[in-house]
Amino acid sequence: QLHKKISRAETETIELSRKAGMLREEALRDGLTGLYNRKAFDNRIAEGLENLNQGGDAFVMMMFDVDKFKWINDTFGHVAGDKILQKVAAALGKIFRKGEFIARYGGDEFAVVIEGMPEKLAHEKVAKFKEKFSKLRFASHADGYIQVELSAGVASAAKGDGPDEFIHKADLAMYA
């Protein structure tokens, strides 16, 4: 009987561990897009910068922002805005490889973090993504076609960068 109790406890422990892992992963995902969320992004940037400062690999960040997103929500409604965010997330998932870190950074902002990629190649990836994205069509059932454009910027992490400084570099690149 003791062996049965031990076996049952082990089975329950394994199941609880599995559920905890699922909940941990779910807590790091954005509910609308399925991409990593801001918390996961902040963790990834902090870990990457710490690793870089200890002699690890360099990395780049590409930031994307949906232009005139407030206008889109105000004009076509939040359901249309949500659908656009989902399409942007899906498009990012198709262009960037599975192992590359893709996150919804904020309301209408997305970030891709890639280790070991030279900044020049990151700019080429951004251009390729924007070209493919420009061919997507977005429509509102009530109002027809919605033109959606993205701004993008690239920043390379440098030794000594803090998370805020690094994110600011990417923001400046995006707004330029």
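From the list 107, 116, which one is in contact (Cβ under 8 Å) with a residue 12 or more places away in the chain, within 20 Å of residue 27 (Cβ to Cβ), small (Gly, Ala, Ser) and surrounded by fewer than 16 Cβ atoms within 10 Å (Cβ to Cβ)? Before you say what the answer is, go through the steps one by one.
Working: 116 fails: within 20 Å of residue 27 (Cβ to Cβ).
Going through 107, 116 in turn, just one is in contact (Cβ under 8 Å) with a residue 12 or more places away in the chain, within 20 Å of residue 27 (Cβ to Cβ), small (Gly, Ala, Ser) and surrounded by fewer than 16 Cβ atoms within 10 Å (Cβ to Cβ): 107.
With the requirement that a residue be open to solvent by 20 Å² or more (accessible area, probe 1.4 Å) and within 18 Å of residue 32 (Cβ to Cβ), what does segment 78-100 give you?
78, 79, 82, 83, 86, 87, 90, 93, 94
List every residue pair whose Cβ atoms sit under 8 Å apart, with the two residues 6 or more apart in sequence or on different chains, where the first one lies in segment 43-62 and is touching a residue at least 40 places away in the same chain (Cβ under 8 Å) and assigned to a helix (DSSP H, G or I) and the second, anywhere, is open to solvent by 70 Å² or more (accessible area, probe 1.4 Å) and among the acidic types (Asp, Glu).
Pairs that qualify, where the first residue is touching a residue at least 40 places away in the same chain (Cβ under 8 Å) and assigned to a helix (DSSP H, G or I) and the partner is open to solvent by 70 Å² or more (accessible area, probe 1.4 Å) and among the acidic types (Asp, Glu), are 48/115.
Which condition breaks for residue 74 when tested against (1) touching a helix residue (DSSP H, G or I) at 6+ places or on another chain (Cβ under 6 Å); (2) surrounded by fewer than 14 Cβ atoms within 10 Å (Cβ to Cβ)?
Among (1) touching a helix residue (DSSP H, G or I) at 6+ places or on another chain (Cβ under 6 Å); (2) surrounded by fewer than 14 Cβ atoms within 10 Å (Cβ to Cβ), the lone unmet condition for residue 74 is (1).
Do we have any residue at all in segment 39-53 that's open to solvent by 20 Å² or more (accessible area, probe 1.4 Å) and over 30 Å from residue 118 (Cβ atoms)? Talk me through it step by step, then tell me what you get.
Going residue by residue through segment 39-53, those that are open to solvent by 20 Å² or more (accessible area, probe 1.4 Å) are 39, 42-44, 46-47, 50-51, 53.
Then drop every residue that is not over 30 Å from residue 118 (Cβ atoms), which leaves none.
Within segment 39-53, not a single residue is open to solvent by 20 Å² or more (accessible area, probe 1.4 Å) and over 30 Å from residue 118 (Cβ atoms).
Residue check: is residue 157 open to solvent by 30 Å² or more (accessible area, probe 1.4 Å) and of a type in the set (A, V, I, L, M, F, W, C)?
No.
Might you check whether a residue that is farther than 15 Å from residue 112 by Cβ, in a helix (DSSP H, G or I) and in contact (Cβ under 8 Å) with a residue 24 or more places away in the chain occurs anywhere in segment 17-34?
Within segment 17-34 (the criterion being farther than 15 Å from residue 112 by Cβ, in a helix (DSSP H, G or I) and in contact (Cβ under 8 Å) with a residue 24 or more places away in the chain), the answer is no, since none of the residues qualifies.
Residue 147 is checked against (1) open to solvent by 20 Å² or more (accessible area, probe 1.4 Å); (2) farther than 23 Å from residue 170 by Cβ; (3) in contact (Cβ under 8 Å) with a residue 24 or more places away in the chain and fails just one. What number does that condition carry?
Here residue 147 meets the rest and fails (3).
The values are calculated or read from the model by the stated rules, or taken from the named source; none is laboratory data. No experiment lies behind these values; they were computed from the predicted model shown. Backbone-built Cβ (ideal geometry, glycine too); neighbour counts: all protein chains shown. The accessibility values were calculated without ligands, DNA or RNA, using every heavy atom of the protein model including side chains. Shrake-Rupley method; radii C 1.70, N 1.55, O 1.52, S 1.80 Å.
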